[in-house]
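**Student:** This is the structure, below, for whatever I ask next.
Just so it is clear, none of the values below were taken in a lab; they were calculated from the coordinates. Since the model is a prediction, treat every value here as computed from it, not as a measurement. Because the Cβ atoms are built from the backbone with ideal geometry, glycine has one as well, and the counts that use them run over all protein chains shown.
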Amino acid sequence: MILVLLGTQHNEFKRLLEKIEEAIDNGFITERVVVQAGYTKYKTEKMKVFDMISKEVLDNLIDEANIVITHGGTGSIIMALKKHKKVIAVPRLHEFNEHVNDHQRQIVNIFNEKKYLIGLQNVEDLPEALKQIKTFEPEEYKGNNKKIIKIIEDFIDNI
């Protein structure tokens, strides 16, 4: 099963779901897809879409997932990495009104550089990431909250 996490942002992130549905149509994804969509409204018969779900249900879905595809939120990323899941992360972008700024680009880059996940800057690269994830061996995530918090605080201070 592939679990898609869009977080709880008040802005929608339809671009990612459209690309996932296209990947299903093109045979890049053949397994069941479950989506925690938050405020993203998306109708499809090809994925099981939930708006909000409890932490307990979310924990169970992450446990069951083979792959987690997530937005660039640190909470969603770290939750999946702590459970040793293979993760593809795609940032929400300000230019598409998906977030208030582009800080998720930097977050995804940091985790990608450390080889914890496959980080994309362009949703169009999802089919290639789906190929790569099959053999991807992520580095084990070692939490360093102080460093991550400092990076995020520095970024926010410079906005």
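**Student:** Once phi is turned into θ = phi - 60°, what whole-Hz ³J(HN,Hα) does the Karplus curve with 6.51, -1.76 and 1.60 give for every residue of the stretch 19-29, x standing for Gly and Pro?
**Tutor:** Once θ is set to phi - 60°, the couplings for the stretch 19-29 become 5, 5, 4, 4, 5, 5, 4, 8, x, 6, 10 Hz.
**Student:** Further question: Going by amide H atoms built from the backbone, whose H comes under 5 Å of the H on Ile67, apart from near neighbours?
**Tutor:** Answer set, sorted by chain and number: Leu3.
**Student:** Stick to Cα atoms and the Kirkwood definition of Rh, then tell me Rg/Rh for the chain.
**Tutor:** 0.93
**Student:** At 7 Å along Cα-to-Cβ for each site, give me the label-to-label distance between Lys114 and Lys83 in nm.
**Tutor:** 1.9
**Student:** For a quick check of your reading of the filter: which chymotrypsin sites (Phe, Trp or Tyr not before Pro) in the stretch 97-136 sit in a DSSP loop and have no more than 16 other Cβ atoms within 10 Å?
**Tutor:** Phe136
**Student:** Could you work out the helix-only [θ] at 222 nm for the chain, with each DSSP H run of four or more residues adding -39,500 (n - 2.57) and the total divided by the number of residues, to the nearest 500 deg cm²/dmol?
**Tutor:** Rounded to the nearest 500, it is -11500 deg cm²/dmol.
**Student:** Can you run phi through the Karplus equation (6.51, -1.76, 1.60; θ = phi - 60°) for the stretch 100-108 and list ³J(HN,Hα) in whole Hz, with x for Gly and Pro?
**Tutor:** Whole-Hz 3J(HN,Hα) from phi for the stretch 100-108: 6, 7, 10, 4, 5, 4, 5, 4, 4.
**Student:** Suppose we flag GluC sites (Glu not before Pro) only when DSSP calls them loop and at most 15 other Cβ atoms lie within 10 Å. Which is the longest uninterrupted stretch of the chain?
**Tutor:** Free of exposed loop sites, the longest segment is 46-138.
**Student:** Please give me, ordered by residue number, the trypsin sites (Lys or Arg not before Pro) of the stretch 1-48 that lie in loop per DSSP and have at most 11 other Cβ atoms within 10 Å.
**Tutor:** Counting only loop positions with at most 11 other Cβ atoms within 10 Å, the trypsin sites (Lys or Arg not before Pro) in the stretch 1-48 are Lys41, Lys43.
**Student:** What list of ³J(HN,Hα) values in whole Hz, one per residue of the stretch 47-64 in order, does the Karplus curve 6.51 cos²θ - 1.76 cosθ + 1.60 (θ = phi - 60°) give from phi, with Gly and Pro shown as x?
**Tutor:** Once rounded to whole Hz, the list reads 9, 8, 10, 10, 6, 10, 9, 5, 4, 5, 5, 4, 4, 5, 5, 5, 4, 6.
**Student:** Say each of Lys48 and Thr8 gets a label point 7 Å from the Cα, pointing the same way as Cα to Cβ; how far apart are those two points in nm?
**Tutor:** 2.2
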